[in-house]
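The values are calculated or read from the model by the stated rules, or taken from the named source; none is laboratory data. Since we're looking at a predicted model, the values are computed, not measured. Neighbour counts run over all protein chains shown; Cβ positions are idealised from the backbone, glycine included. Ligands, DNA and RNA are excluded from the accessible area calculation, which covers all protein heavy atoms including side chains. Shrake-Rupley method; radii C 1.70, N 1.55, O 1.52, S 1.80 Å.
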Amino acid sequence: MAILTTRPRGTNDFLPAETPRWQYVERTLLSTAALYGYGEIRTPTFEHTELFLRGVGDTTDVVNKEMYTFTDKGDRSVTLRPEGTAGICRAAIENGLLGDALPLKVSYVFNCFRYEKAQRGRYRQFHQFGVECYGATGPVTDAEVISLAWEGMQTLGLKDLTLAVNSIGCPTCRAEYHKALRAYFERRREELCETCRERLEKNPMRILDCKSPVCGEIAKGAPRVLDYLCGDCRDHFEKVQTLLKDADIPFTIDAGIVRGLDYYTRTVFEISVPGFPALCGGGRYGGLSRQLGGPDVEGIGFAMGLERLIMVMEQQGCDFPEPQQCDLYIASMGEAAAEEAFRLTTQLRREGYAVQCDLMGRSVKAQMKYANKIGALYSMVLGDSELQSGSAQLKQMATGTAKPISLAHFLPEFETEMQNGWFAAAAEAAEKIDR
Ligand code: HAM
């Protein structure tokens, strides 16, 4: 295999033709989060391995099977982040943000790494948009965070979204639930996969999201966590549901959602479209900060997989804004004209226009072919005669019409043309289509 020209399995290159879509999605989600009071946070791509063992949990698949862990030159074990929540909680503790005015609300967009079986929608390097809110314990926060995920996805124009919510209780009710789960799975111990037999002792809830079909089938008959909630957790969950109904956010209760990471307590949720793995997952986590040695502050958040989100948006034909076009291509013939083209190009870019000139020393014909290819709105050819007369022909590429333009007064004349000419032509074209 040509290793030098082949990217590692499960990773993607994002080419200039695609990145405007990514920028649009990231911008839209970050600004929806800003409406809710979230400011962006950026944390390191790698953290001490111990953080994920403690934070995400050493009985989870993410930690057990999927981490990119290595020893650095200083003999420390570090891990490429498999998710964002643990690193952000670490950063909030380390920077003293959990003692400040709460709630603390942070949003993020970054890459994550999981050594998974690479397939469509499942990658080894993928990107998440997410939020974390610390310090607010009441159900209205759960509803607000779910609403943020929901509204962000609505703003992007995603259709057929389903929101499934569940509560997995607090440590008090979890103790009872674990007992019931152990009793249930113990009876079928021999049928469980080897990993689940280990999970039976350490963390029986993890059996519920085992990917083996046999364990999955057995898990279907397992006791439901909702039947074991303590009074406080039940009240909390009921209130979350009332608030979601009041906000007209449709949801179903799905007792099967237990999430694959250990830090969750009480509300958990996922947002999906039919026939596709979850687009968004999240929930409340009561003990993470304490677990990491920080103050006793609860958090709640979610993360969306951006590859999946954009893939579904494309499948559903969602609108993406047009990428920035080239306003003007200045073709040139000869050295003096090339210098003038470069001077004008620089001047126009300073005024905010997207302008290009030849960098390849090509013929005018080849330059114009290129101008067409990049979709330039206008073009102009400069040669010795244009330089001598001080005037050139500005051509509107869509209509092929051209008009003289003064090189000495290029900027104001071009500005007027862009405002009147181009938009007038575009409006006329739109009118024709309407008719
Ligand atoms: P998660 O469910 O593990 O939660 O991941 C969130 C989202 O990331 C998934 O719904 C999916 O869209 C995307 N995702 C996960 N793994 C992959 C992959 N291998 N390839 C492509 N996309 C993937 C978390 O990571 C939690 N930290 C979310 C959270 C934040 N909970 C509270 N706060």
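Where strands (runs of 3 or more DSSP E) fall entirely within the stretch 249-309, none has at least 3 residues that are over 24 Å from the mean Cα position of the chain (by Cα) and at pLDDT 95 or above.
Quick check on the stretch 281-296: of everything there that is crowded, with 19+ Cβ neighbours inside 10 Å and within 14 Å of the ligand (Cβ to nearest atom), which residue is farthest from ASN166 (Cα to Cα)? Step by step, filter the stretch 281-296, then rank; the result is SER289. Scanning the stretch 366-405 for residues that are over 17 Å from GLU339 (Cα atoms), of a type in the set (S, T, N, Q) and open to solvent by less than 60 Å² (accessible area, probe 1.4 Å) yields a single hit, GLN396. When the residues of the stretch 36-77 are filtered to those that are of a type in the set (Val, Ile, Thr) and in contact with a strand residue (DSSP E or B) (Cβ under 8 Å, 6 or more places away or on another chain), which remaining residue is farthest from ALA143 (Cα to Cα)? Applying the filter and picking the extreme gives THR71. All told, TYR36 falls short of being in contact with a Phe, Trp or Tyr (Cβ under 7 Å, 6 or more places away or on another chain), open to solvent by 40 Å² or more (accessible area, probe 1.4 Å), of a type in the set (Ser, Thr, Tyr) and modelled with pLDDT of 95 or more. Is there a residue in the stretch 217-238 that is surrounded by fewer than 18 Cβ atoms within 10 Å (Cβ to Cβ) and aromatic (Phe, Trp, Tyr)? Within the stretch 217-238, not a single residue is surrounded by fewer than 18 Cβ atoms within 10 Å (Cβ to Cβ) and aromatic (Phe, Trp, Tyr). For the stretch 297-321, the tally of residues that are near the ligand (Cβ under 10 Å from one of its atoms) and aromatic (Phe, Trp, Tyr) stands at 1. Selection over the stretch 250-280 of residues that are under 24 Å from THR28 (Cα atoms), out of contact with any strand residue (DSSP E or B) (no Cβ under 6 Å at 6 or more places or on another chain) and within 14 Å of the ligand (Cβ to nearest atom) gives a count of 3.
Return yes or no: is GLY352 at positive phi and in contact with a helix residue (DSSP H, G or I) (Cβ under 9 Å, 6 or more places away or on another chain)? No, not satisfied. Note on the stretch 312-335: among residues that are in contact with a strand residue (DSSP E or B) (Cβ under 9 Å, 6 or more places away or on another chain) and not hydroxyl-bearing (Ser, Thr, Tyr), the one that is most open to solvent (accessible area, probe 1.4 Å) is MET333.
Restricting attention to the stretch 179-202, the residues that are open to solvent by 20 Å² or more (accessible area, probe 1.4 Å) and closer than 28 Å to GLU116 by Cβ add up to 10. Reported count of residues in the stretch 336-350, each being open to solvent by 40 Å² or more (accessible area, probe 1.4 Å) and over 39 Å from the mean Cα position of the chain (by Cα), is 4.
Among the residues of the stretch 63-74, are any in contact (Cβ under 8 Å) with a residue 40 or more places away in the chain, more than 15 Å from the ligand (Cβ to nearest atom), touching a helix residue (DSSP H, G or I) at 6+ places or on another chain (Cβ under 9 Å) and of a type outside the set (Gly, Ala, Ser)? No, the conditions are met nowhere in the stretch 63-74. Going through (1) over 30 Å from GLN393 (Cβ atoms); (2) part of a loop (DSSP other than H, G, I, E, B); (3) among the polar types (S, T, N, Q) one by one, GLN324 falls short only on (1). So, PHE251, is that one within 30 Å of ASN420 (Cα to Cα), open to solvent by 20 Å² or more (accessible area, probe 1.4 Å) and hydrophobic (A, V, I, L, M, F, W, C) or not? In short, no. ILE330 satisfies every condition listed in (1) within 16 Å of the ligand (Cβ to nearest atom); (2) within 30 Å of MET397 (Cα to Cα); (3) assigned to a strand (DSSP E or B) except (1).
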